[in-house]
Structures are given as C-alpha cells and as structure tokens.
Amino acid sequence: MQHKVDNSSKISVNKLSCFYGSHMAVDSVDIEIPENQITAFIGPSGCGKSTVLRSLNRMNDTIQGSSCTGSIKISLKGNPDQLDIHDSKIDVIALRRKVGMVFQRPNPFPISIYENIVYGPKLFGVKKKKDLDEIVEQSLKYSALWDEVKDKLHNSSGQDLSGGQQQRLCIARALAVGPEILLLDEPCSALDPIATVKIEDLLIELKKYLTIVIVTHNMQQASRISDKTAVFWVNEQNRAGELVECKPTIELFSNPQDQRTEGYITGRFG
C-alpha cells in the first residue's frame, strides 16, 4: 500500500506497538521524523527507544518472536508516495539499503578496509573496479576517514583500526550502498571523548545528505547534535515503553512539558 507523502516528514510512525512474544515492549508510538535533520531518542534503559529505532528498517524482524502493529511509512527520493515498510510487496533487503544502520559497538569485518566498504555495493551488483574505487573514496571522505586510511586500504584489516576509526568505517560501509536514512544505536557509547567528537561532527555534516536518527544515553550529545528529540519512558501500568514528549531539541531542553522529561534531562531520575 502507498500513501501520499507528508512533505514535512521523511518517516511517519503511527500507533506503533512492538512485541517480543507476548511481552509488549513499545506501546502505541506516534512520531514524525523530519528530512535532513538529526532526531535523537533518549530515555532510561528499557524504555523501548532501541526497539523503535530497529523497527524503522525492520531489524526487529531478525529477533525470533518479534512482531508489531501500527504503521511506519517512509518517503524515498523519486517516489511521489510514502511506502508502508510492512507492505507484503516490500523487499526488506532493498529497504535496509535505503535505511542503513550503525550499531553500538563497531563491527567491521575481518577483511581489508577496502573490502569492508565494497561488500555492500558488490552484493547489489556493482562490479567494475573503477566504480568500486569511487565508492570507497567517496564513502571514506563522507565519513571523515579517507586521509587516515587511504594508504592502507588493501593491506590493513578493518579490525586493525582504533575504536573511533572502526565506527567511522562502519558508517562508511553503511554509506557505500547509498542510503537516504541512517539509524545509529548509541554509536559513541564505546568510544573515548575525542573519537566521540569526531563522530558527532561527522553526523552534523552528514545530515546535509541524510536523515539521521540516533539513540543516545548522553544528554549532552543529544543537545549538541540533534534538531529534534523524542523522550521515551516505561509505562508503570503495562511496563511497555511509550513516547512521552517529542519536540525541537532547544525547546525540549529549555522548556520540557512532562515532569519525567524534566527529571531525566536534569539527572534527578531515570
């Protein structure tokens, strides 16, 4: 099924509820994610923010017993209609090409830096060395890693890099297949402050080209880099995660409307 595009949103989530077996993990979330902005998901552990994030490209499908109700619709360039990502006609692999993901811990493959980057493009049919070379250079430049690794593309493993470099390599690997949306699940939690700043600077630059959604426990990070922030919480009645507040980041941090938001961003609880 296709739906007319809401031009203000890249992703529209409507009444999304997520389950692991019979356990409800997320209860009826509505959220609009704007194009070419960074949207941060914050909230205490277990509040469902990572579950919602993984739902946006159906990564939750890989977890046995997971299911969801409600709808998630995305707008893709060149398509006048929003696509319902749960439509039976949707190719999930093609969906994940357009909605890429970077995980909490860097996970480069134990192969050369070059082969890490071209792994995805090769899967999607890119064969010419000239084209692959261009993809590698462009992706590493977009991820601010080119100058650091250009002389060891073929003779160093992705796992030989530092933690921060590995995470940027994973971002480059995601960029190599041409996504329009990039999802990041606490991408800096395992990194030192210097590497974290490099990732944050990179994401701010990448939003010129991409729509970015990031889960973070770091309040300062959310306030520094995001344009919009969504706060999730655990509902005391059914123990499911719920969205309690979502608005422009400056407004949310300066004038939270929900006492749970205020308590969380000030560190009083959560």
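The values are calculated or read from the model by the stated rules, or taken from the named source; none is laboratory data. Note that the structure is predicted; figures quoted are calculated from it, not measured. Counting neighbours? That spans all protein chains shown, and the Cβs are built from the backbone with ideal geometry, glycine included. Note: areas computed on protein heavy atoms with side chains; ligands, DNA, RNA excluded. Shrake-Rupley method; radii C 1.70, N 1.55, O 1.52, S 1.80 Å.
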Per-residue SASA entry for Phe109, accessible area with 1.4 Å probe, Å² rounded to 10: 70
Charged-residue dipole, Cβ positions (Lys, Arg, Asp, Glu), the stretch 116-254 about Cα centre, Debye nearest 20: 540
Accessible area per residue, Å², the chain with all protein chains present, probe 1.4 Å: 47
Estimated dipole of the chain in Debye, rounded to 20 [Cβ of Lys and Arg +1, of Asp and Glu -1, Cα centre]: 600
Between 0 and 90°, nearest 10: helix 129-142 axis offset from the chain longest Cα axis: 50
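Rounded to the nearest 0.05, what FRET efficiency do Leu123 and His217 give with R0 = 30 Å and r taken as the Cβ-Cβ distance? Could you check?
The pair Leu123/His217 has a calculated efficiency of 0.35.
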The stretch 131-166-the stretch 243-270 distance, computed between alpha-carbon centres (Å): 38
Candidate lysines - alpha carbon under 18 Å from Lys89, same-chain residues fewer than 8 apart omitted: Lys4, Lys73, Lys98
Cα centre as origin, Lys/Arg/Asp/Glu Cβ charges: the stretch 1-113 dipole, Debye: 320
Three principal axis lengths of the chain [C-alpha, angstrom, descending]: 55, 43, 35
Calculated from backbone phi, Karplus (6.51, -1.76, 1.60) coupling profile of the stretch 14-25 in Hz, x at Gly/Pro: 10, 6, 7, 10, 10, 10, 10, x, 8, 7, 7, 9
The stretch 88-130-the stretch 8-56 distance, computed between alpha-carbon centres (Å): 24
Helical mean residue ellipticity (222 nm; -39500 (n - 2.57) per DSSP H run of 4+; nearest 500) of the chain: -9500 deg cm²/dmol
In Hz, Karplus ³J(HN,Hα) per residue of the stretch 60-68 (6.51, -1.76, 1.60; θ = phi - 60°; x = Gly, Pro): 4, 4, 7, 9, 4, x, 7, 7, 8
Built amide H within the under 5 Å cut-off of Thr229, gap 5+: Ala40, Lys247, Thr249
Extreme residue, positive dipole direction of the stretch 1-145, given options Asn116, Ile93, Ile42 (C-beta unit charges): Asn116
Largest-first ordering by accessible area, 1.4 Å probe, given options Lys49, Lys127: Lys127, Lys49
For the stretch 1-124, projected area of the alpha-carbon convex hull averaged over all directions, nm²: 9.2
In degrees, nearest ten, helix 163-175 long axis to first principal axis of the chain (Cα): 90
